[in-house]
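Computed from the coordinates by the stated procedures, all read-outs in this text should not be read as laboratory data. From a predicted model like this one, the values you see are computed outputs, not experimental measurements. Don't worry about glycine lacking a Cβ; one is built from the backbone with ideal geometry, like all the others, and counts go over all protein chains shown.
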Amino acid sequence: MMEHPERVEQFKHDIAEMQVKDPAAGRDRLATRGGAALMIIGVIVAIVGCLQSHNTSNPLSQTDAVIIALIGVAVTVAGGAVFLKGALSNFFRFWLARLIYEQKAQTDRIIDVADRP
Amino acid sequence: MNLLELRGVRAAYDRIDVLFGIDLEVPAGRVVALLGPNGAGKTTTLRVAAGLHQPTAGDVFVGGRRVNGTAPEELARRGLCLIPEGRGIFPNLTVRENLRMMTYSGAGLSTVEDRAYSRFPRLKERRKQIAGTLSGGEQQMLAMARGLATDPALLLLDELSMGLAPIIVEELYELVAQIARAGVSILVVEQFASTVLGVADLAAVLVHGRVARVGTPHELQDELSKAYLGGEPR
């Protein structure tokens, strides 16, 4: 068997240039896990705030507790968005690749028809 | 130099260990056959090498660089190509459409088709045929053509012979030999050793997730019968 030094060197060069990433630290996975954690924390904070507001007759304390509960709701919503972003990005990547392929095929079909005498 | 090197690679599916410290080298321009009985860990070894499965321990070196954790598409884009068991073609698309799907790698359709049809003239005759209706051998040719369209430097072939008649397998391995003569380094996994040993420069026998023996095909004849017939590897 033979070795093609040029292709081998090119391959080595390309591999050396590559940015090696740890998939465990991948953004999508991080977003999915972080989003899920935020949703759980948000729900807990909202429940705690709600319970606090019920357990006091002091209007100032009640206001503080309601604000805490609202922050919990906001964190839950934000966590949900982050979770969806992480969970759906892989699907959308595939969908985009499929769309690009269909678009190319459609363009070729139009060109074929246009080229016919 | 080695284009692919596995050092002490261990891998598992969930908590079930399947590879127990694999050491394997694929020198540039050589064909290495990875042989072994069913369930020995051959396909997992290929998946680890291609970046599809993360090792639980050990190192994977491609082109002299440690690539643990690299996304498989990054390796594929740079010239490492895996042709999986079961062929990995789009059965509902035509041959030409299957080849068109390889243009994402940057090569134009005409270049991809030229590369494919020059090596596999039969595919040219079948270019408008739905891939799922091709014969097994032709589907395997299409899978190889798709892989070679990316101009790989390192080709990983998984169970080329699966479900094919012996005469077709011989024909395919003749094509593998041609690809190797063109300078592509190849790691080929096979359960049926006789044909692949005819084209391999080196062979490794995998038994129960461990490399039992590495050597030239001639040196491994005895080891193979032990591995397949249940004897203790040396």
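Taking the Cα centre of the protein assembly as shown as origin and assigning +1 to Lys and Arg Cβ atoms and -1 to Asp and Glu Cβ atoms, the resulting dipole is close to 740 debye. Distant-in-sequence amide contacts of B:A57, defined by a placed amide H-H separation under 5 Å and a gap of 5 or more residues or a different chain, comprise B:R10. The Cα center of region B:151-175 and the Cα center of region B:94-118 differ in position by 20 Å. Of the beta bridges in the protein assembly as shown, as assigned by DSSP with both residues counted there, near 55 percent are antiparallel. With θ taken as phi - 60° and the Karplus curve 6.51 cos²θ - 1.76 cosθ + 1.60 applied, the whole-hertz 3J(HN,Hα) list for region B:194-205 is 4, 6, 5, 5, x, 10, 7, 8, 9, 9, 10, 9 Hz, x standing for glycine and proline. Both the radius of gyration and Dmax for the protein assembly as shown are 26.0, 90 Å, in that order, over alpha-carbon atoms. Each of B:A145, B:L123, B:T111 was scored by the projection of its Cα onto the charge dipole of region B:91-151, and the greatest displacement toward the positive side belongs to B:L123; charges sit on the C-beta of Lys, Arg, Asp and Glu. Projecting the Cα positions of A:S89, A:A37, A:G72 onto the charge dipole of region A:29-115 (unit charges on Cβ atoms of Lys, Arg, Asp and Glu, taken about the Cα centre) puts A:A37 furthest along the positive direction. The packing ranking of peptides B:3-11, B:112-120, A:62-70, B:198-206, highest mean first, is B:198-206, B:3-11, B:112-120, A:62-70, where packing means the average number of other beta carbon atoms within 10 angstrom of each residue.
Across region B:46-54, coupling constants 3J(HN,Hα) worked out from phi with the 6.51/-1.76/1.60 Karplus curve, θ = phi - 60°, read 5, 5, 5, 4, 7, x, 7, 9, 7 Hz, and Gly and Pro carry x. Applying the Karplus relation 6.51 cos²θ - 1.76 cosθ + 1.60 with θ = phi - 60° to region A:109-114 yields 3J(HN,Hα) values of 5, 5, 5, 4, 5, 5 Hz, where x marks Gly and Pro.
Let me have the 222 nm mean residue ellipticity of the protein assembly as shown computed from DSSP H runs of 4+ only, each contributing -39500 (n - 2.57), with the sum over all residues rounded to the nearest 500. Present the calculation step by step, with values, prior to reporting the outcome.
Working: 12 runs with 176 residues, N = 351.
My calculation for the protein assembly as shown gives -16500 deg cm²/dmol from helical runs alone.
Evaluated at 25 °C with a viscosity of 0.890 mPa s, what Stokes-Einstein diffusion coefficient in µm²/s does region A:29-115 have when Rh comes from the Kirkwood expression over alpha-carbon pairs? Mind showing how you got there, number by number?
Numbers: Rh = 16.0 Å.
Diffusion coefficient, whole number: 153 µm²/s.
Multiply the residue gap between A:H13 and A:I44 by 0.36 nm, knock off their C-alpha separation, and tell me the result in nm, one decimal place. Each step should come with its number before you reach the end.
On the way: separation 31, 0.36 × 31 = 11.16 nm, distance 5.14 nm.
Result: 6.0 nm gained on full extension.
In chain B, one over the average inverse separation of all distinct C-alpha pairs is 17.9 Å, which is the Kirkwood hydrodynamic radius.
Against the longest principal axis of chain B, how steep is helix B:109-119, in degrees 0 to 90 to the nearest 10, with axes from Cα atoms? Helix B:109-119 sits roughly 60 degrees off the main axis of chain B. If all Cα-Cα distances of region B:91-151 are sorted into 5 Å bins from 0 onward, what percent lands in each bin, rounded to whole numbers? Taking every Cα pair in region B:91-151, the percentages come to 4, 23, 37, 24, 11, 1.
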